[in-house]
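Taking it in order: structure first as structure tokens, then the write-up.
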Amino acid sequence: MLKSKTFVKKTRSGGVMKIVREHYLRDDIWCGSEACTECKQESTELLKDACIESNLCSFPHYLVPDTNVVLHQIDVLEDPVIRNVIILQTVLQEVRHRSAPVYKRLKDIIHEKEKHFYTFTNEHHRDTFIEREPGETANDRNDRAIRVAAKWYSQHLKKFEADTDGLCVVLLTNDQGNKQKAEESGLLVYRFEEYIKSLIANPELVDRLALSNNDKNEITSSKVLFPEHLPLSRIQSGIKSGSFLQGTFRASRDNYLEATVFVQGEGEDSTEVLIQGLQNLNRAVHQDVVAVQLLPRNQWVAPSSVVLQDEGAAKDDAVEEGEEEKALKISAAEAARKPTGKVVGVIKRNWRPFCGMLNISQIKESTRHLFTPADRRIPRIRIETRQASTLAGQRIMVAIDGWPKSSRYPNGHFVRSLGGAGEKDTEQEVLLLEHDVPHQAFSQAVLSFLPKMPWAITPEDMAKREDLRHLTVCSVDPPGCTDIDDALHCRELENGNLEVGVHIADVTHFIRPGNALDKEAANRGTTVYLCGKRIDMVPELLSSNLCSLRSNVERLAFSCIWEMNQKAEILKTRFTKSVINSKASLTYAEAQMRIDDVTKNDETTKSLRGLNKLAKILKRGRIEKGALTLSSLEVRFHIDSETHDPIDLQTKELMETNSMVEEFMLLANISVAQKIYDEFPECAMLRKHPAPPPSNYDILLKAAKSKDVEIHTDSAKALADSLDVAKVDGFPYFNTLLRILATRCMMQAVYFCSGMDSDFHHYGLASPIYTHFTSPIRRSADIIVHRLLAVAIGADSTYPDLMDKHKQSALSNNLNYRHKMSQYGQTQAVGSQQQPQLQT
Amino acid sequence: MAGLELLSDQGYRLDGRKATELRKVQARMGVFAQADGSAYLEQGNTKALAVVYGPHEMRGSRSRTLHDRAVINCQYSMATFSTAERKRRPHGDRKSTEMSLHLKQTFEAAVMTQLYPRSQIDIYVKILQSDGGNYSVCVNAATLAVIDAGIPMRDYVCACTVGFVDETPLADLCYAEESGGVSSLALALLPRGGQIALLQMDARLHQDHLETLIEAAMTACKGVSKVLDQVVRQHLEEVSMLTGE
Ligand SMILES: [Zn+2]
């Protein structure tokens, strides 16, 4: 039970506090090698014949990278070729402290079975723990700990030399001092570049090496192009004293010499600082967190309206940007000057791998080329590669390694190729990657939680649910919809009132909290529709089959049932888990035709007519309360069935039945929101839409003024009313255009946890409370809401994370991010697919 | 930027223990000759001294006298040098009073007080160094002191603090773990019968987790009881050797 170990006390002084911690050393930490017969380990990660063809080591070997190698060369370590690596605990902890993204990637590699990465807990191993010596820095101690652990491994493995062809460990470090000391103690040690270059079978790995400091000096000229970045300590004191401002750097899409820094002030107010010119931009990259210094007032400028792309051949580092910058200055009108500043330092880089194309250098033998990212806000990146001719014409991914002050462009390295440019699959991949949409096929772990086929409703399910199969339920959706998550019914009761039901696919019956399927759905957050392709949030078996409320099959549903009078006033609301059998899956047009066709008088049609009548009353009521009806140009692609190429673009026409369905979904969402908030005031997941600040309306007012139309923006109601009367003769689209502009003025609607916020108002819908309940197949917020509601009505049991407002809040943030990104992606797909259309 | 990782993927805690492992326990009984019973106990870096007087006649206000059993009087205090920052008030503050009360309840459940009607048993416990699990260490030390005093108990009372991290219960929390945002629970157990003498918890915990946590705490307490049993047996051997000669 008690493993009593000799223990060493570790004393850490932080400030004046002395912290004493126990540190147990163990003798039951195993080496993880398959070759070992001494350790009593249950499973092994490291293979016995760890062979990789290398000029340097012809024998099997394990790699031991040091911290800096992991931090900088994670791209190479991720390659499937690199296997049998020992990650020391010392290294893992240092990486954790220094870079969260790399730490996460490293952990992902360790979890991957095929990679054979093993974590050795050397800090708690009796033979490999070392104490910091007097005068030794923390870094030096860690380096020594790594050497000691490597040494232990090589001695440990020596014992089995006879049957392993001389299996040994190779330490990889780029630190000269560390390397020398390791050599002195008889270790096999190489620089990382040296080792990777020695791999005979995989020359392409060399391209993916991040440039180390020595290499950078070779490429760049000695000329200093940019001002030095200030050290972090000076930045921090500057921010404290108010001489610098901290903010997020946002490069301009249209002008590579211009950017704004978004400074979040105290509370709600925030300012934007304009940055112009290469020198002032000072190597900041889009999304970096930077410190800026404001220029004196007389040097303030206005944002330019010039479009400038950094194009053409690689500019020599020495070339001045004179002309282009001059063009900027001229365009700066006297009026409308904005606070202007310069970047003095970078607080946090937010670099990620970027998708884009390679511009081949004109010099034939050159191995240095410029890479142009697909995102125009990212500067061009200089990379070194020997495969330029193969990579030309392909979409590739490149990561930035650094941006020295003597270099016109940042330096980077090749990560991987996505495929030929212009091919539909490649372009889609680029879109998905650039918008961080998870789109890999579902893993085996996820699929293992799907129900086994053939699936049927069991008697136990039936007993717990209300049997609503006799009701005339039908669904109304766009044509071609296979993931039907809502269905409706309406019937007259004996007392003259109407019973209306909204039936939503019972996804939470299949997705149980906490398993891999649930986690995957929560991470994906939403189903993304991209030009004919649907990237599902849940596997197809659920989205298009078991959860889809198709007609004439029995399906599990979560129903929200109201009793209403003829004036559409709600008299009673109840929620229940149910079983339904939809009588018809209709398209909007089919439903519309049935309603309009006076000769039809079947149950379904009667039900639709009832719904339609109530929906109209509901909509009128909502608009009277001040809900906005803003049309945005929603477009649909007509996809050629043979080639799957888009052949036509069509603006979606709205039918009465569209708004009929929408109206009841809104009603269900509001009813559910109220219910879960009443039941769980601390942890209900809701959706809010903040009122936009008045300054957001500037563009709308300006546009309206140009036609002498007045728009009131004091409240949602005033805005809606003034939009209704905003009409100009002979300009039929004017009203639509204004509405599109008004949409642009709005804030983003967001999910939040009710315990973490006090403002619940939904501005666009003019509703005091709102949530998402009606699309659990394609939005994971709805899954959470379903679970909350199920607990509230006693139909399901609760689980810890559901009641944890911090976890809920973190989840909402992820969902908000995914929604935003998928929206950008969808808009961009419309844009990029449109262009070939207009040319032909 | 990143907080402490309380439990690594390899299953090791900050100080190198596995989830269910206790800290090293060292104890000595009979450390003071004048008291009726005494014990010193170290559980990792938490060190406590317990002294027992009694059973003796009621002192002070007679009105507290119970006619069917003995009154147990507990006093808990912390040495001024026991924490990293010097403590200003070693006893008498709200926390100490609460702790004294908890100890009293624990021992009322364990000591066979009905054998000594109209009398009083005093238990004084002092934390000399604090590194998490103060309550549990006090209970364990006091158990040994009560045994040393020869006062009959139903069973050893063993206590342990457990916490919950990443769906895994951690036994015998140290200070870094207690302050690292773990919802912790202290449990005192009479191991043989499996009766719980005291269960105390301040943090919020989902009810689904409670059972696993209590289970883990009970296992840990049983572990502690084995160690305490060894200490008592060894002490007896030493004493009997001395008196035997
Ligand atoms: Zn071994």
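The values are calculated or read from the model by the stated rules, or taken from the named source; none is laboratory data. The structure displayed is predicted, hence computed values, not measured ones. Every residue, glycine among them, receives a Cβ derived from its backbone with ideal geometry; neighbour counts consider all protein chains shown.
For this structure, a couple of remarks:
- Residue in region A:32-43 that is nearest to B:Asp131 (Cα to Cα), counting only those that are surrounded by fewer than 11 Cβ atoms within 10 Å (Cβ to Cβ) and within 12 Å of the ligand (Cβ to nearest atom): A:Lys40
- Single unsatisfied condition, A:Ile378 versus (1) aliphatic (A, V, I, L, M); (2) part of a helix (DSSP H, G or I); (3) within 30 Å of A:Phe244 (Cβ to Cβ): (2)
- Taken as a whole, region A:741-755 holds at least one residue that is more than 25 Å from the chain's Cα centre (by Cα) and either on the phi < 0 side of the Ramachandran plot or part of a helix (DSSP H, G or I) (or both).
- Candidates A:Ile146, A:Ile52 - the one that is buried (at least 19 other Cβ atoms within 10 Å of the Cβ) and among the aliphatic types (A, V, I, L, M): A:Ile146
- Verdict on A:Ile146 being away from the ligand (no atom under 16 Å from the Cβ), within 26 Å of A:Leu199 (Cβ to Cβ) and not in a helix (DSSP H, G or I): no
- Residue check for B:Tyr53: part of a strand (DSSP E or B) and either in contact with a helix residue (DSSP H, G or I) (Cβ under 7 Å, 6 or more places away or on another chain) or closer than 30 Å to A:His111 by Cα (or both): no
- Residue list for region B:42-64, filter: touching a residue at least 60 places away in the same chain (Cβ under 8 Å) and away from chain A (no Cβ under 14 Å): B:Ala48, B:Leu49, B:Ala50, B:Val51, B:Val52, B:Tyr53, B:Gly54, B:Pro55, B:His56, B:Glu57, B:Met58, B:Arg59
- Counted residues, region A:19-31 - those being in contact (Cβ under 8 Å) with a residue 40 or more places away in the chain, facing another protein chain (nearest Cβ under 10 Å) and either assigned to a loop (DSSP other than H, G, I, E, B) or within 16 Å of the ligand (Cβ to nearest atom) (or both): 4
- None of A:Val538, A:Val528 is in contact with a Gly (Cβ under 7 Å, 6 or more places away or on another chain) and within 30 Å of A:Gln440 (Cβ to Cβ) except A:Val528.
- Residues that are away from every other protein chain (no Cβ under 14 Å), surrounded by 18 or more Cβ atoms within 10 Å (Cβ to Cβ) and part of a helix (DSSP H, G or I), drawn from region A:101-120: A:Lys115
- Selected residue [modelled with pLDDT under 80, hydrophobic (A, V, I, L, M, F, W, C) and closer than 28 Å to A:Tyr824 by Cβ] from A:Ala421, A:Ala399, A:Ala388: A:Ala421
- Against the criterion of being modelled with pLDDT of 90 or more and out of contact with any Cys (no Cβ under 9 Å at 6 or more places or on another chain), A:Pro65 qualifies.
- Members of region B:187-196 found to be in contact (Cβ under 8 Å) with a residue 60 or more places away in the chain and closer than 13 Å to B:Tyr135 by Cα, listed by number: B:Ala188
- Meets criteria (surrounded by 20 or more Cβ atoms within 10 Å (Cβ to Cβ) and among the aliphatic types (A, V, I, L, M)) for B:Val31: no
- Only a single criterion out of (1) within 14 Å of another protein chain (Cβ to nearest Cβ); (2) part of a loop (DSSP other than H, G, I, E, B); (3) more than 18 Å from A:Thr119 (Cβ to Cβ) is not satisfied by A:Glu42, namely (3).
- Residue match in region A:121-133 (condition: assigned to a loop (DSSP other than H, G, I, E, B), away from the ligand (no atom under 16 Å from the Cβ), more than 10 Å from chain B (Cβ to nearest Cβ) and of a type in the set (Lys, Arg)): yes
- A Cβ distance below 7 Å, combined with a sequence gap of six or more or placement on separate chains, defines the contacts here; from region A:70-97, residues that are within 14 Å of another protein chain (Cβ to nearest Cβ) reach residues that are crowded, with 19+ Cβ neighbours inside 10 Å and of a type in the set (Gly, Ala, Ser) in the pairs A:Leu88/A:Ala149; A:Thr90/A:Ala145.
- Picking from residues in region A:49-72 that are in contact with a Ser or Thr (Cβ under 7 Å, 6 or more places away or on another chain) and within 20 Å of A:Leu187 (Cα to Cα), the one that is farthest from the ligand (Cβ to nearest atom) is A:Asn55.
- Condition check for B:Arg23: of a type in the set (Lys, Arg), crowded, with 20+ Cβ neighbours inside 10 Å and touching a residue at least 40 places away in the same chain (Cβ under 8 Å): yes
- Where A:Pro478 falls short, out of the listed (1) surrounded by 18 or more Cβ atoms within 10 Å (Cβ to Cβ); (2) within 31 Å of the chain's Cα centre (by Cα): (1)
- No other residue among A:Ile784, A:Ile793 is within 22 Å of the chain's Cα centre (by Cα) and either at pLDDT 85 or above or surrounded by fewer than 20 Cβ atoms within 10 Å (Cβ to Cβ) (or both) apart from A:Ile784.
- Tally of residues being of a type outside the set (A, V, I, L, M, F, W, C) and either under 23 Å from A:Leu281 (Cα atoms) or surrounded by 21 or more Cβ atoms within 10 Å (Cβ to Cβ) (or both) across region A:397-426: 12
- Checking each residue in region B:177-194 for being more than 17 Å from B:Val227 (Cβ to Cβ) and touching an Asp or Glu at 6+ places or on another chain (Cβ under 8 Å) picks out B:Ser184, B:Gly193.
- Tally, over region B:9-34, of residues that are farther than 22 Å from B:Ala217 by Cβ, touching a Leu at 6+ places or on another chain (Cβ under 8 Å) and at the interface with chain A (Cβ under 7 Å from one of its Cβ atoms): 0
- A:Asp75 fulfils the conditions (1) under 24 Å from A:Glu94 (Cα atoms); (2) within 16 Å of the ligand (Cβ to nearest atom); (3) in contact with a Lys or Arg (Cβ under 6 Å, 6 or more places away or on another chain) except for a single criterion, (2).
- Selection over region B:126-167 of residues that are in a strand (DSSP E or B) and closer than 16 Å to B:Gly44 by Cβ gives a count of 9.
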